[in-house]
Amino acid sequence: MPFCVWKTGPVDVSKAVLITGCSSGIGRATAERLARSGWTVYATARSTDSIADLGRAGCRVLELDVTDEESMRAAVASVEHAEGAVGVLVNNAGYSLSGAIESVPLDEVRRQFETNVFGLVRLSQLVLPAMRRQGFGRIVNLSSMGGRLTLPGGGFYHASKHAVEALSDALRFEVQGFGVDVVVIEPGLIRTGFADAAVGTIADRSEDSAGPYDGFNQAVAAATAGAYRNGIGRTLGGGPETVARAIEKAISAGRPHTRYRVTGSARLFLTLRRLLPDRLWDALVARTFPQPKP
Ligand SMILES: NC(=O)c1ccc[n+]([C@@H]2O[C@H](COP(=O)([O-])OP(=O)(O)OC[C@H]3O[C@@H](n4cnc5c(N)ncnc54)[C@H](OP(=O)(O)O)[C@@H]3O)[C@@H](O)[C@H]2O)c1
């Protein structure tokens, strides 16, 4: 049975869970599920108004923007003040920046990496000293099947998730000796606000994009929305609670797997990507994404 502070000999060990990006989707479902199961949960979001109901559902609620150093420091300090340490960090906050690589302004790319990669790294750095001190910790990083395959029009998102995979592999080795486990979650298509946010990044740019990639970017937006609404997402996808279940499994296990693939869509696409040579993979994705041409 999980609880916040448990005794292992002379030292108190905190298993309090800090989750980023709880205003919607996977973060919200995870906070709800873990609180129901008896974990001490610190649910966080950029705006605490968006998670006030999680407070009523038993979570502690904190403001946390993963692109803001002060905000990250304050949230970690507040959990450490109350619990001694963040026992479990769930790096969930993230979104997909979509669009052909040549067509996306670099400041948008920087924001993508600030959110999906640097926020995750910085929070891990901030929680690790107290995890090491208590000899226990678990860092759960939300990657994606998109951290191990790449779809056109999603180059920056995929690059950010490939970075999460690489960083997690290095960190897992570096902190294991201190009693800290690092786990990667690789969801497939999960019905949340994710697709709308991805499509939104293209729509926001559509006025300036009457260029060579305009049609392609619109096709990427349509394919993204379609995959979740009508396509494979409906049959082989899942809801956010499917990922929440995998996260609870990962933090409850005595010896967690290093990676958890979630949903049939993740297993199918990752198997296809492993089996198909690059050109065949390109031919497969060309059935969905029209190749930009002069
Ligand atoms: N849905 C999928 O198909 C899927 C598949 C694989 C992996 N994932 C990954 O799962 C994670 C959660 O996505 P989701 O599907 O639950 O999407 P979602 O419903 O759009 O939730 C994304 C969350 O991230 C938060 N966020 C964005 N920027 C932030 C920032 N700077 N600081 C703090 N929070 C921030 C959002 O908060 P605001 O409300 O403040 O914007 C929101 O709570 C992401 O890392 C995503 O890449 C999703």
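Every number here is computed from the coordinates shown, using simple stated rules; none is lab data. All values reported here derive from a predicted model rather than from experimental measurement. Reconstructed Cβ throughout: ideal geometry from the backbone, glycine too, with neighbour counts over all protein chains shown.
Quick look at the values:
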| read-out | value |
| --- | --- |
| Highest-MSF residue in the chain out of G177, G119, G87 [GNM, Cα springs under 10 Å] | G177 |
| Choice from D214, D204, D282 with maximal GNM fluctuation in the chain (Cα, 10 Å cutoff) | D204 |
| Neighbour-count ranking [beta-carbon atoms within 10 angstrom, fewest first] of T44, T263 | T263, T44 |
| The chain - mean residue ellipticity at 222 nm from DSSP helices (-39,500 (n - 2.57) per run, n ≥ 4, rounded to 500) | -15000 deg cm²/dmol |
| Percentage relative contact order, the chain, counting C-alpha pairs under 8 Å, at least six apart | 18 |
| Residues H162, H81, H257 arranged by fewest to most Cβ contacts within 10 Å | H81, H257, H162 |
| Long-range HN-HN contacts of R261 with modeled amide H, under 5 Å | E186 |
| Added length on full extension, which subtracts the Cα-Cα distance from 0.36 nm per residue, S50 to S37 | 2.5 nm |
| Euclidean distance between Cα centres, the range 227-274 to the range 66-139, Å | 22 |
| Gained length - H257 relative to A286, 0.36 nm times residue gap less alpha-carbon distance | 7.0 nm |
| Contour minus Cα-Cα distance for I101 and L275 (0.36 nm per residue) | 60.0 nm |
